[in-house]
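Notes for the one structure printed next.
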Amino acid sequence: RPPQKKNAPQHSDPCKGCREVIDKVVARYSQPWKRQEDSYQKFRFQLSSKCHGFNKAIITKTNTPVGSKLVYDGEKKRTLQVTPEIFSTFIKDHPFSNKTWDTCAVVGNGGILTNSSCGKMIDSAQFVIRCNLPPLANGYEKHVGVKTDLVTANPSILLEKYGALMGRRRPFVESLRTYGDSLLLLPAFSFGHNTPVSLRAAYTIEDFESPTRPVFFNPEYLHSLALFWRSQGLKAVRLSTGLIMASLAVELCSNVHLYGFWPFSNHPHGLQPLTNHYYDNRQTKTKFHAMPAEFDLLLRLHSQGVLRLHLGDCP
Ligand code: CDP
């Protein structure tokens, strides 16, 4: 090591230890991307024959009649028998059966979207999927867009931001306005404590006549998807919302574009520090998710031409 000059300015590495990992990812990503129809069809077939997302991802009156037994995917041994009251909150038909879209955008919440100018490109997709009720106004539009056809909501947000919908419910309904008449997808039957708050969300939307359409993840679909990814080498306790939505998109859309997926704390081009989300710096629970391992699998699909990851800024 060259001897350091006394009083020389100390440049701290903006990316302690991450440079090597990021350099490797960038090298894999830098190969020119080309859609590979065969690889796409093969992967889509594997996924849909194991998981049947196009008609099973969401609970409907058709696939889950009164009296059916729901088995929670996050809690071993917990089940629930569908009562007429719960049944009344299910949508009639599956929103995706017999439908495919040409282009879908799945928007993760990574800080890589900050100042990306990707809003227009995201909004140009036919079907736009977002995760966990992300903010879209106050300057974020330019970078993340506004179009939303499906948005997920983790019940933890309902607990933290809207008092579990036990008190005043109007602020929740008002916050849904940004998403128009999109589907609001809730994991109501993943953990026991998700069920009452998810049902309250559905009742609130109905009572306030909000145009948002609440729907519930089918725990059977989530279970089969977890098994699928385990068979592909993923060792995580829970799949991240982003990976679930990207998987569903592969079944539903011919061209899948992913934005906001970058689980590293520095930018791929320039290595400047990033916040975890484009709107805050709350950290992901690494105990449950394995986002870098998930990212590795997504990058593999990108390299195979099955889907397209967007890292960095948009033109
Ligand atoms: O539900 P979860 O807490 O996993 O998600 P989130 O933090 O609201 O972000 C939505 C999704 O974006 C995640 O599930 C990840 O798939 C993806 N994400 C990412 O790839 N990199 C980040 N730095 C943050 C989120």
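Every read-out reported here was derived from the displayed coordinates using simple, explicitly stated rules and does not represent laboratory data. Keep in mind that what you see is a predicted model, and the values were worked out from it rather than measured. Note that each Cβ is placed from the backbone with ideal geometry, even for glycine, and that neighbours are counted across all protein chains shown.
Can you find, among V21, S116, C314, the residue sitting farthest towards the positive end of the charge dipole of the chain, where Lys and Arg contribute +1 and Asp and Glu -1 at Cβ?
In the chain, that residue is V21.
So what's Rg/Rh here for segment 22-166, counting alpha carbon atoms and using the Kirkwood radius for Rh?
Details: Rg = 19.2 Å, Rh = 18.8 Å.
Result: Rg/Rh = 1.02.
Restricting to Cα atoms and excluding each atom paired with itself, what does the Kirkwood estimate give for segment 181-315 in Å? Could the numbers behind the result be given before it?
Details: mean 1/r = 0.0590 Å⁻¹.
This gives a value of 16.9 Å.
May I ask you to sort M166, M245 by Cβ crowding, counting other Cβ atoms within 10 Å and putting the fewest first? Write down the numbers at each step before the final one.
On the way: M166 12, M245 24.
With the sparsest Cβ surroundings first, the list reads M166, M245.
Can you pull out the trypsin sites (Lys or Arg not before Pro) in segment 147-242 that DSSP calls coil and that have at most 14 other Cβ atoms within 10 Å?
Passing sites in segment 147-242 are R168, K235.
Take every Cα pair under 8 Å in the chain that's 6+ residues apart, average their separations, divide by the length, and report that relative contact order as a whole percent. It would help to have the intermediate numbers written out before the result.
On the way: 549 pairs, mean separation 84.1, N = 315.
After rounding, I find 27 percent.
Counting GluC sites (Glu not before Pro) as exposed when in a DSSP loop with at most 16 other beta carbons within 10 Å, what is the longest stretch of the chain free of them? Could you put the intermediate results ahead of the total?
Details: sites that count: E75, E209.
In short, 76-208.
For segment 154-259, which semi-axes, largest first and in whole Å, follow from the square roots of 5 times the eigenvalues of its Cα gyration tensor?
Working: eigenvalues 153, 57, 25 Å².
The three semi-axes for segment 154-259 are 28, 17, 11 Å.
What base-10 log of the normalised intensity I(q)/I(0) is obtained for the chain from the Debye formula, alpha carbons as equal point scatterers, at q = 0.09, 0.10, 0.14, 0.16 Å⁻¹?
Rounded to two decimals, the profile gives -0.47, -0.58, -1.12, -1.46.
Roughly how big is segment 171-315's charge dipole about its Cα centre, with Cβ charges of +1 (Lys, Arg) and -1 (Asp, Glu), in debye to the nearest 20?
560
Can you work out the Karplus-derived ³J(HN,Hα) for every residue in segment 157-165? Use 6.51 cos²θ - 1.76 cosθ + 1.60 with θ = phi - 60°, whole Hz, and x for glycine or proline.
Using θ = phi - 60°, the values come out as 5, 5, 5, 6, 8, 10, x, 6, 6 Hz.
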